[in-house]
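Report on one structure; see the data block that follows.
The values are calculated or read from the model by the stated rules, or taken from the named source; none is laboratory data. Remember, it's a predicted structure, so these values are computed and weren't measured experimentally. Please note: Cβ atoms are built from the backbone with ideal geometry, for glycine as well, and neighbour counts cover all protein chains shown. Ligands, DNA and RNA are excluded from the accessible area calculation, which covers all protein heavy atoms including side chains. Shrake-Rupley method; radii C 1.70, N 1.55, O 1.52, S 1.80 Å.
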Amino acid sequence: MRYAMPIRVRLSETDQDGVLTLFHLINYLQDSSTFHAEEVNKGLAWSRETHLAWVLVRWQLHIKAFPRMGDYLVVRTWPYSFRGFMGGRNYTIERENGEMLVMANSEWILMDMEKNCPARVGKDMAEAFGPEPKLEEDFGPRKITLVGDGSEREHFSIQEYHLDTNHHVNNGQYIHMAENYLDEGFVPVHFRAEYKKQAYLGDEVVPKVCKIEGGYQISLETTEGEAYFTAEFLDR
């Protein structure tokens, strides 16, 4: 079953040129899947009752054009696969006239938050969401292979505003952090991200930035060198 979320781009979600930021674009995708879960009674109340929650593993985005302030959009999302403790979900962002702006793929793991371990997806989950066919789009390799160690930047600590309802850093906040290391004027058309380790309030983050052909690879790591999050931004 597909879920559609109509939305209008707000000024507060745009940059100095009135263009929607990647951070807020990702929030649109996250919000659509959250509302989809609420629609089929697998949302926050269900999660608190069962101690189960979907944890994001990776993003793969193709961005044909960034929306601008005032644009009317429709964000669509649907799951296409449930297997073991994994789930796959696609997204699109379109203008009201059907013009495609963004296509995205994501992979999630169902976690038992009380036991802190993966949980097998039950038959009721597939029945509630009604998986549909996967987007016919080549999003490239699933995993990001870092080409170098990158240049280490100033360390920072996780603050309360970085956290979500699961009490660890929100998926979009990692992207917001990573965007700070892109050159001004850089506009990604392909974006990939992997979530490796959850970061919590007070954790120290070590950013490492590597310029590559066509863009950047950015890793946010622990002080011991273990990655919380890795991302690749490409402009072609």
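I need every pair where a residue in the range 114-134 that is in contact (Cβ under 8 Å) with a residue 12 or more places away in the chain and among the small types (Gly, Ala, Ser) has its Cβ under 9 Å from the Cβ of a residue that is assigned to a helix (DSSP H, G or I) and open to solvent by less than 30 Å² (accessible area, probe 1.4 Å), sequence separation at least 6 or different chains.
Hits for this filter: 128/37.
Report every pair of residues separated by at least 6 positions or lying on different chains whose Cβ atoms are under 9 Å apart, first residue within the range 150-167 and without any contact (Cβ under 8 Å) to a residue 24 or more places away in the chain and at negative phi, second in a helix (DSSP H, G or I) and among the small types (Gly, Ala, Ser).
Listed pairs, sorted by first residue: 164/172.
Count, please, the residues in the range 107-131 that happen to be not in a strand (DSSP E or B) and not charged (D, E, K, R). Please lay out each step first, then the result.
In the first step, residues of the range 107-131 are kept if they are not in a strand (DSSP E or B); the result is 113-116, 119-131.
Applying the additional criterion that residues be not charged (D, E, K, R) yields 113, 116, 119, 121-122, 125-126, 128-131.
Within the range 107-131, residues that are not in a strand (DSSP E or B) and not charged (D, E, K, R) number 11.
From the residues in the range 88-134 that are among the acidic types (Asp, Glu) and touching a strand residue (DSSP E or B) at 6+ places or on another chain (Cβ under 7 Å), which one is farthest from residue 48 (Cα to Cα)? Lay out the reasoning, then the answer.
Of the residues in the range 88-134, the ones among the acidic types (Asp, Glu) are 94, 96, 99, 107, 112, 114, 124, 127, 132.
So of that shortlist, the ones also touching a strand residue (DSSP E or B) at 6+ places or on another chain (Cβ under 7 Å) come out as 94, 96, 107, 112, 132.
Values: 94: 33, 96: 36, 107: 22, 112: 11, 132: 27 Å.
Going through the qualifying residues, I end up with 96.
Among the residues of the range 37-50, write down those that are farther than 27 Å from residue 101 by Cβ, part of a helix (DSSP H, G or I) and either in contact (Cβ under 8 Å) with a residue 40 or more places away in the chain or touching a helix residue (DSSP H, G or I) at 6+ places or on another chain (Cβ under 9 Å) (or both). Steps first, answer last, please.
Quick first cut of the range 37-50, residues farther than 27 Å from residue 101 by Cβ only: 41-42, 44-50.
From what is left, the residues that are part of a helix (DSSP H, G or I) are 44-50.
Residues satisfying the conditions are 44, 45, 46, 47.
Taking the stated definitions as given, is residue 185 among the small types (Gly, Ala, Ser), open to solvent by 10 Å² or more (accessible area, probe 1.4 Å) and either without any contact (Cβ under 8 Å) to a residue 24 or more places away in the chain or more than 25 Å from residue 53 (Cα to Cα) (or both)? Step through it out loud before you land on a result.
On the way: among the small types (Gly, Ala, Ser): yes; open to solvent by 10 Å² or more (accessible area, probe 1.4 Å): yes; either without any contact (Cβ under 8 Å) to a residue 24 or more places away in the chain or more than 25 Å from residue 53 (Cα to Cα) (or both): yes.
So residue 185 fits the description; yes.
Report, by residue number, each residue of the range 195-227 that is under 14 Å from the mean Cα position of the chain (by Cα) and surrounded by 20 or more Cβ atoms within 10 Å (Cβ to Cβ).
195
Only one of 104, 53, 4 is open to solvent by 30 Å² or more (accessible area, probe 1.4 Å), in a strand (DSSP E or B), in contact (Cβ under 8 Å) with a residue 60 or more places away in the chain and not basic (Lys, Arg); which?
Being open to solvent by 30 Å² or more (accessible area, probe 1.4 Å), in a strand (DSSP E or B), in contact (Cβ under 8 Å) with a residue 60 or more places away in the chain and not basic (Lys, Arg) holds for just one of 104, 53, 4, which is 4.
Evaluate the following for residue 142: is it free of Cβ contacts under 8 Å to residues at least 60 places away in the same chain and either open to solvent by 30 Å² or more (accessible area, probe 1.4 Å) or of a type in the set (A, V, I, L, M) (or both)? Step through it out loud before you land on a result.
Values: free of Cβ contacts under 8 Å to residues at least 60 places away in the same chain: no; either open to solvent by 30 Å² or more (accessible area, probe 1.4 Å) or of a type in the set (A, V, I, L, M) (or both): yes.
When the stated conditions are applied, residue 142 does not pass them.
Return the residue satisfying two criteria in turn: it lies in the range 76-93 and is of a type in the set (A, V, I, L, M, F, W, C) and surrounded by 22 or more Cβ atoms within 10 Å (Cβ to Cβ), and of such residues it is nearest to residue 108 (Cα to Cα).
Just the residues of the range 76-93 that are of a type in the set (A, V, I, L, M, F, W, C), to begin with: 78, 82, 85-86, 93.
Then drop every residue that is not surrounded by 22 or more Cβ atoms within 10 Å (Cβ to Cβ), which leaves 78, 93.
On the way: 78: 13, 93: 20 Å.
So, considering only residues that are of a type in the set (A, V, I, L, M, F, W, C) and surrounded by 22 or more Cβ atoms within 10 Å (Cβ to Cβ), the one nearest to residue 108 (Cα to Cα) is 78.
Kindly indicate whether any position in the range 61-74 is free of Cβ contacts under 8 Å to residues at least 60 places away in the same chain, hydroxyl-bearing (Ser, Thr, Tyr) and open to solvent by 10 Å² or more (accessible area, probe 1.4 Å).
The first filter runs over the range 61-74 and keeps only residues free of Cβ contacts under 8 Å to residues at least 60 places away in the same chain, leaving 65, 67-68.
Next cut, hydroxyl-bearing (Ser, Thr, Tyr) only: none.
Scanning the range 61-74, I find no residue that is free of Cβ contacts under 8 Å to residues at least 60 places away in the same chain, hydroxyl-bearing (Ser, Thr, Tyr) and open to solvent by 10 Å² or more (accessible area, probe 1.4 Å), so the answer is no.
Looking only at the range 10-36, count every residue that is of a type outside the set (S, T, N, Q) and out of contact with any helix residue (DSSP H, G or I) (no Cβ under 8 Å at 6 or more places or on another chain) and tell me the total.
In the first step, residues of the range 10-36 are kept if they are of a type outside the set (S, T, N, Q); the result is 10-11, 13, 15, 17-20, 22-26, 28-29, 31, 35-36.
Among the residues that remain, those that are also out of contact with any helix residue (DSSP H, G or I) (no Cβ under 8 Å at 6 or more places or on another chain) are: 10-11, 15, 17, 19, 25, 28-29, 31, 35.
Selection size over the range 10-36: 10.
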